[in-house]
Amino acid sequence: MRLLAASIGLMPRPAARFFCEAIALLFYNVHRRLRKVGLRNLDLAFPQRSRSEKLKILRALFRGLGRQMAEFALFPRYTKENVSQVAIYDGFQNFAEAQARGKGVLFLTGHFGGWEIGSFVHSLHGHPMNIVVRPLDNVYMDAFVDRYRTLHGNRTFGKQDFARGLLSAMKRGEVVGILMDTNMTPPQGAFVDFFGIPACTATGVARVALHTGAAVLPAFTVWDQSLGKYKIRFDPALQLAKTGDDEADAITNTALFNKVIESYAARYPEQWLWVHRRWKTRPPGEPSLYS
């Protein structure tokens with residue numbers, strides 16, 4: 001895999017994208033299990049859409065994953081001067097205002113669009129951040145991916161160090177990016193709606209934000225077909241519920257976070273990672289949603 005990425009990194013950019021999109025579409029065509037999960041998730045989220053529409057969404061999703069893989073392999077050749085061919089900012093002032101509060105910034109985001117590209121480009125522009133990651137099973141591949149993610153000052157820490165890493169970063173007034181759209185299990189997660197269906201969702205971000213006063217800023221890297229590049233979109237910081245009941249507020253704010261991610265997935269359905277079993281964990285007594 002490292003050799004493949006290195007080979008892609010030597011290609012001209014258009015060729016790299018064409019090659020990676022072709023690989024991704026081949027993977028889509030041969031990986032029946034992922035297609036099955038993707039269709040099931042789309043059935044749950046968009047019951048009114050036809051099967052052909054859902055298959056079109058999944059094909060576009062895999063093309064997007066290929067596009068991101070190509071750009072990831074090309075990271076070493078990008079500079080502050082030429083990276084605008086890959087991504088531009090949209091709503092940067094919202095980030096600047098959140099950072100100016102001085103209590104740290106939590107990027108609320110997910111496996112959407114060009115999530116690896118957004119954090120990389122942001123660091124290249126002089127705004128390094130901390131990224132919560134799940135280490136890859138292959139230690140050599142994990143080291144390779146980590147090196148690319150941290151080329152311009154980003155730092156990574158594993159999910160096993162989530163609470164400690166998050167609190168330490170907020171005390172230093174830093175930025176942390178968190179992919180909040182993965183299935184969790186109690187007690188780390190609580191059931192709040194996602195597309196109207198209870199989804200076990202991490203509550204740690206809400207708890208840390210309430211404890212530290214950090215700004216929670218929706219941050220999504222959206223592929224813009226008309227521009228042929230990504231937009232790193234920062235929305236205004238969220239207004240969090242603060243009633244004094246910490247447990248209730250954590251649940252309320254976690255539900256709010258899911259609504260934000262849902263709004264992006266609904267607006268750009270071809271850019272969210274439908275092939276993850278987001279509703280795998282069920283409330284006690286409920287049957288599995290996946291066969």
Scanning segment 69-85 residue by residue, the ones that are loosely packed, with under 11 Cβ neighbours inside 10 Å and either within 12 Å of Gly114 (Cβ to Cβ) or among the hydroxyl-bearing types (Ser, Thr, Tyr) (or both) total 1
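Are there strands (runs of 3 or more DSSP E) fully within segment 87-196 with at least 2 residues that are farther than 25 Å from Gly9 by Cα and in contact with a Leu (Cβ under 7 Å, 6 or more places away or on another chain)? List them.
Numbers: elements: 87-90, 105-109, 130-133, 155-158, 175-179, 189-194.
In segment 87-196, 105-109, 175-179 are the strands (runs of 3 or more DSSP E) which contain 2 or more residues that are farther than 25 Å from Gly9 by Cα and in contact with a Leu (Cβ under 7 Å, 6 or more places away or on another chain).
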Exactly one of Ile88, Ile117 is touching a Phe, Trp or Tyr at 6+ places or on another chain (Cβ under 8 Å) and farther than 24 Å from Ala202 by Cβ, and that one is Ile88
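Could you check, for segment 246-267, whether at least one of its residues is part of a loop (DSSP other than H, G, I, E, B) and either surrounded by 14 or more Cβ atoms within 10 Å (Cβ to Cβ) or among the aliphatic types (A, V, I, L, M) (or both)? Full working, then the answer.
Kept after step one, since they are part of a loop (DSSP other than H, G, I, E, B), are these residues of segment 246-267: none.
No; the residues of segment 246-267 include none that is part of a loop (DSSP other than H, G, I, E, B) and either surrounded by 14 or more Cβ atoms within 10 Å (Cβ to Cβ) or among the aliphatic types (A, V, I, L, M) (or both).
Which of the residues spanning segment 197-221 are in a strand (DSSP E or B) and either surrounded by 20 or more Cβ atoms within 10 Å (Cβ to Cβ) or basic (Lys, Arg) (or both)? Steps first, please.
Initially, segment 197-221 is screened for residues in a strand (DSSP E or B), giving 197-202, 215-221.
Of everything in segment 197-221, those that are in a strand (DSSP E or B) and either surrounded by 20 or more Cβ atoms within 10 Å (Cβ to Cβ) or basic (Lys, Arg) (or both) turn out to be Ala199, Cys200, Thr201, Ala202, Ala215, Val216, Leu217, Pro218, Ala219, Phe220, Thr221.
Out of Leu151, Leu108, report the one residue that is among the aliphatic types (A, V, I, L, M), closer than 30 Å to Thr254 by Cβ and either surrounded by fewer than 21 Cβ atoms within 10 Å (Cβ to Cβ) or in contact (Cβ under 8 Å) with a residue 24 or more places away in the chain (or both).
Numbers: Leu151 fails: closer than 30 Å to Thr254 by Cβ.
Sole residue among the options that is among the aliphatic types (A, V, I, L, M), closer than 30 Å to Thr254 by Cβ and either surrounded by fewer than 21 Cβ atoms within 10 Å (Cβ to Cβ) or in contact (Cβ under 8 Å) with a residue 24 or more places away in the chain (or both): Leu108.
Can you name the residue in segment 1-34 that is of a type in the set (Lys, Arg) and in contact (Cβ under 8 Å) with a residue 24 or more places away in the chain and is also nearest to Tyr268 (Cα to Cα) among such residues? Spell out how you get there, then give the answer.
Start the filter on segment 1-34 by keeping residues that are of a type in the set (Lys, Arg), which leaves 2, 13, 17, 32-33.
Restricting the remaining residues to those that are in contact (Cβ under 8 Å) with a residue 24 or more places away in the chain gives 2, 13, 17.
Values: Arg2: 31, Arg13: 25, Arg17: 21 Å.
Ranking the qualifying residues of segment 1-34, first place goes to Arg17.
So which residues in segment 41-56 are surrounded by fewer than 19 Cβ atoms within 10 Å (Cβ to Cβ) and in a helix (DSSP H, G or I), if there are any at all?
Asp43, Leu44, Arg51, Ser52, Glu53, Leu55, Lys56, listed by residue number.
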Taking the criterion of being in contact with a Ser or Thr (Cβ under 8 Å, 6 or more places away or on another chain), over 29 Å from Glu270 (Cβ atoms) and among the hydrophobic types (A, V, I, L, M, F, W, C), would at least one residue in segment 161-182 satisfy it?
yes
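Among the residues of segment 21-40, what is the count of those that are buried (at least 18 other Cβ atoms within 10 Å of the Cβ), of a type in the set (A, V, I, L, M, F, W, C) and within 26 Å of Met11 (Cα to Cα)? Quick ask: steps written out before the conclusion?
Of segment 21-40, the ones buried (at least 18 other Cβ atoms within 10 Å of the Cβ) are 21, 24, 28, 35, 37-38, 40.
Of the ones still in play, those that are also of a type in the set (A, V, I, L, M, F, W, C) are 24, 37.
This time we only want the ones that are within 26 Å of Met11 (Cα to Cα), so: 24.
Residues flagged as buried (at least 18 other Cβ atoms within 10 Å of the Cβ), of a type in the set (A, V, I, L, M, F, W, C) and within 26 Å of Met11 (Cα to Cα) within segment 21-40 amount to 1.
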Being without any contact (Cβ under 8 Å) to a residue 40 or more places away in the chain and in a helix (DSSP H, G or I) is true for just one of Arg59, Arg67. Which residue is that?
Arg59
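Every read-out reported here was derived from the displayed coordinates using simple, explicitly stated rules and does not represent laboratory data. As the structure is a computational prediction, the values presented were derived from the model and not from experiment. All Cβ positions, glycine included, derive from the backbone under ideal geometry; neighbour counts span all protein chains shown.
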